[in-house]
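Everything on this sheet refers to the single structure shown next.
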Amino acid sequence: MKVIIPTAGLGTRLRPHTYSKPKPLVSVAGKPVLGHILDTLTRFSIDEMIFITGYLGNQIADYVTSNYKIPTRFIEQTELKGQAHAVYLAREVVDGPTLILFVDTIFEADLSHLTEQDIDGAIFCKEVDDPRRFGVAFTKDGFITRLVEKPETDESKLAMIGLYYIRDIQWLMRAIEVLMLRNIQTKGEYFLTDALQLMVENGARFIAPTVDVWEDCGKPETVLQTNRYLLDHGRDHADPARLEGSIIVPPVYIDDTARVVNSIIGPYVSIAAGAVVKDSIIRDSIINRDAQIVSATLQSSLIGDHAVVLGDFRELNVGDSSEIRYGRSAH
């Protein structure tokens, strides 16, 4: 089986971090999102991974080839015309059973028996409270009857998580061709949902297996939520012998090359390689490579590579019945 992984999106909701790195390389729990996803995929038998790259795509190629011994291919998407167009760029190098995976999310799913089932594909889903910002699936008797991108109602709450198994990938490629010939677009882009719907209309038998774990990495607040989830589920790490006069409130991830001095760290903090944290209090935050945090109190923060945050300690002489406030007024 081959895997198509589109990575060309600009990741505008994660700026300023995605000005200098592609969204899949934003870190959670000590590793880029892409790394966590590839760790999951390498548990299965994969013949080749095809990455559709775009802005800063060389960083994707460098990361994958430096850290994983998997046959890979990189195809550049020079025009951002949407998900379906990105997948279509791999049409000449794929055939037969294929996975398509978007790298916005961390997931846990069983992929081991897909090829043994008498189906044309599987579109992995998770039930959500508000499905209107996702693509959703409608099912009957175990099979998908309709797919809708960003529905206006919550008639179906089965949101597609961005993981697809297609038994005959060339059937999908033909559906994308029809999509583009008919200029079927959603909000100005060619969506994979619309191409898959064309397959359903032509008799494709898709199932919609649900997953228990689906952690989004598309916005700062969801990146922090994913970091919390991973730290709670075995991705935590800290060597007490390397911490200088500091207190750790688990779970945290502190790289062995990071330096933490006279600080309180945690819970839910990730500190990457080469970072320095001194005289600070940090919780629910991600500190990236080679960043420096000195005399700061941080919460719910994302600090980029090589960034510097310098705080300030104060000396006070406060009389009776006084009131001191720092930051935003409570009134």
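The values are calculated or read from the model by the stated rules, or taken from the named source; none is laboratory data. From a predicted model like this one, the values you see are computed outputs, not experimental measurements. As a convention, Cβ positions derive from the backbone with ideal geometry for all residues, glycine included, and neighbour counts pool all protein chains shown. With ligands, DNA and RNA removed, areas are computed over all heavy atoms of the protein, side chains included. Shrake-Rupley method; radii C 1.70, N 1.55, O 1.52, S 1.80 Å.
Taking the structure as given and computing Rg and Dmax of the Cα atoms in Å, which label from [x] 22.7, 80; [y] 21.0, 74; [z] 19.6, 64 fits?
Only one listed value fits the structure, namely [x].
Rounded to the nearest 500, what is the chain's calculated 222 nm mean residue ellipticity when only DSSP H runs of at least 4 contribute -39500 (n - 2.57) each, over all residues? Provide the component values of the computation, followed by the final result.
Working: 7 runs with 66 residues, N = 331.
It comes out at -5500 deg cm²/dmol, rounded to the nearest 500.
Heavy atoms only, probe 1.4 Å: what % of the accessible area of the chain goes to carbon and sulfur, would you let me know? It would help to have the intermediate numbers written out before the result.
Details: 7380 of 16280 Å².
Carbon and sulfur: 45 percent of the exposed surface of the chain.
Would you mind estimating how fast the stretch 103-217 diffuses translationally, via Stokes-Einstein at 37 °C and 0.692 mPa s with the Kirkwood radius over Cα pairs, in µm²/s?
Working: Rh = 14.5 Å.
Estimated diffusion coefficient is 226 µm²/s.
Mind checking the dipole of the stretch 83-218: about its Cα centre, +1 per Lys or Arg Cβ, -1 per Asp or Glu Cβ, Debye to the nearest 20?
With only Lys, Arg, Asp and Glu charged at Cβ, the dipole is about 460 debye.
Once the other residues with Cβ under 12 Å from the Cβ of residue 32 are scored (Lys, Arg +1; Asp, Glu -1), what is the net sum? Walk me through the numbers on the way to the answer.
Values: positive: 21, 23, 31, 289; negative: 39, 62, 305.
Cβ neighbours under 12 Å give a net charge of +1.
Among 222, 293, 37, which residue has its Cα positioned farthest towards the positive end of the charge dipole of the chain, with +1 placed on the Cβ of Lys and Arg, -1 on the Cβ of Asp and Glu, and the dipole taken about the Cα centre?
Final value for the positive-end residue is 293.
Sorting check: for 126-134, 26-34, 47-55, which peptide has the highest mean count of neighbouring beta carbons within 10 Å, and how do the rest follow? Mind showing how you got there, number by number?
On the way: 126-134: 14.7, 26-34: 24.1, 47-55: 19.6.
Result, highest mean Cβ count within 10 Å first: 26-34, 47-55, 126-134.
Tell me, what is the per residue accessible area of the chain in Å², probe radius 1.4 Å?
Solvent-accessible surface per residue comes out at 49 Å².
Charges only on Cβ, +1 for Lys and Arg, -1 for Asp and Glu: so what's the dipole of the chain about the Cα centre, in debye to the nearest 20?
580
Which lysines, if any, have their Cα less than 17 Å from the Cα of residue 140, not counting same-chain residues under 8 positions apart?
Partners within reach: 126, 157.
How much space per residue, in cubic angstrom, does the convex hull of the C-alpha atoms of the stretch 184-239 take up? Don't skip to the end; give the middle numbers.
Working: hull volume 7.3 nm³, N = 56.
About 130 Å³ per residue, rounded to a whole number.
Using a 10 Å cut-off on Cβ atoms, rank the peptides 162-175, 108-121, 198-211 from the highest mean neighbour count down. Walk me through the intermediate numbers first.
Numbers: 162-175: 20.9, 108-121: 14.1, 198-211: 16.9.
Going from most to least packed, we get 162-175, 198-211, 108-121.
So how tilted is helix 169-181 from the main axis of the chain? Cα-based, degrees 0 to 90, rounded to 10.
90
Among the listed pairs 150/219; 81/187; 23/278; 2/31, give every one whose C-alpha distance is greater than 21 Å. Could you put the intermediate results ahead of the total?
Values: 150/219 18 Å; 81/187 11 Å; 23/278 29 Å; 2/31 24 Å.
Correct reply: 23/278; 2/31.
Give me a comma-separated list of calculated 3J(HN,Hα) values for the stretch 277-282, in order, Karplus coefficients 6.51, -1.76, 1.60 applied at θ = phi - 60°, integers in Hz, x for any Gly or Pro.
In residue order, the calculated couplings are 10, 9, 6, 9, 10, 9 Hz.
Obtain the nm distance between the two label points defined at residue 324 and residue 145 by a simple spin-label model: each point lies 7 Å from its Cα along the Cα-to-C-beta direction.
Result: 6.7 nm between the two label points.
Angle, helix 220-232 long axis vs. longest principal axis of the chain, Cα atoms, 0 to 90°, nearest 10?
80
For helix 192-201, what angle does its Cα long axis make with the longest principal axis of the chain, in degrees from 0 to 90 and rounded to 10?
With rounding to tens, the tilt is 30 degrees.
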